[in-house]
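Every number in this text was worked out from the coordinates using simple rules, so none of it is lab data. Everything quoted here is computed from the prediction, not taken from an experiment. Because the Cβ atoms are built from the backbone with ideal geometry, glycine has one as well, and the counts that use them run over all protein chains shown.
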Amino acid sequence: MDRNDLKAAARTTGRWAAAGAAAGFACLCYLYLTLPDVRPLKTSNPKTTAFIELRAHEARARGETPRRIQQWVSYKSVSPNLTRAVLVAEDDLFWQHEGVDVEQLEESLEADWANGRFLRGGSTITQQLAKNLYLSPSKNPLRKLRELIIARRLEAELEKSRILELYLNVIEWGDGIYGAEAAARTYFHLGAGSLGPSEAALLAGAIINPRVLNPAHPTARLLRRQALIMRRMGSVTPPPPADVVPAPPPADTATPPPGDESPAETPPPDYTPQPVLPEDPVTDPNAVPQ
């Protein structure tokens, strides 16, 4: 290949690189401009979520009536046992990240690359909230990118306690069961504010696969997770309540009478996270981890 051919090849490569960069930038701009506005979540509770609508669609496709049990409860009315258990089980670095745990994300991507497909979650509580509110359980990389951007928006606009309050009220905890209050009453006949360490650890342990793991009838796997979580609950501190009080929830998710409340807590200066040890992956083919 002579010099002219090399120059022509370089120009062609440059044009393709420029076109690719422009396309990538346009894609990012489109994603950013079409993402949901999370600011209303500061003062109002969502009437529904993408996951709730997905489950309703699946039920109707089976010829069934969609089931939805959900009662909104304020963050201060949730037992600190449950907030501690959830942080241990799902996101022990909740205090320290801004929506995305970069180290965990890198490990997740490395595991996915090694296996040739998307296997691990590596999602923070904020990412899980973004997915539940606005997205789908798909493993599509574009969906994951949207999740990451929404998570950063949530962290930029909301207090940590508000993020955790939303999460505890919307996540799936069984077939048609959404939120801590509905889960506590369904499985233990208690309000979310009255959960002890044992019940809280069972609920937190079931989040990984809520449509398979039943806290009222725990499997050996769930009992192992419960034991791990209970041993480490003292290593995390829930965020204090937010300054902004949200507007009353919609009528179909009315807040029940508050349970036992505990004084606000702040993270200890010597806080060192203690992550839950990994377990065998969920084997149920229909499982959709949070």
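Amide H contacts for THR124 (H built 1.01 Å from N in the peptide plane; partners 5 or more residues away or on another chain; cut-off under 5 Å): ASP101. Among 130-138, 62-70, 49-57, sorting by the average number of other beta carbon atoms lying within 10 angstrom of each residue, highest first, gives 130-138, 49-57, 62-70.
Here LYS160 is the anchor, and the lysines within straight C-alpha reach of less than 16 Å, apart from those fewer than 8 places off in the same chain, are LYS42, LYS76. A simple spin-label model places pseudo-atoms 7 Å from Cα toward Cβ; at ARG68 and LYS42 they are separated by 2.7 nm. If the cut-off is 19 Å between C-alpha atoms, which lysines fall inside it for LYS144, apart from same-chain ones fewer than 8 positions away? Filter leaves LYS131.
Where the alpha-carbon atoms of segment 142-205 are placed on the principal axes, they occupy 39, 25, 16 Å, in descending order.
Computed from the C-beta positions of ALA61 and LYS139 and an R0 of 30 Å, the FRET efficiency is 0.90 to the nearest 0.05.
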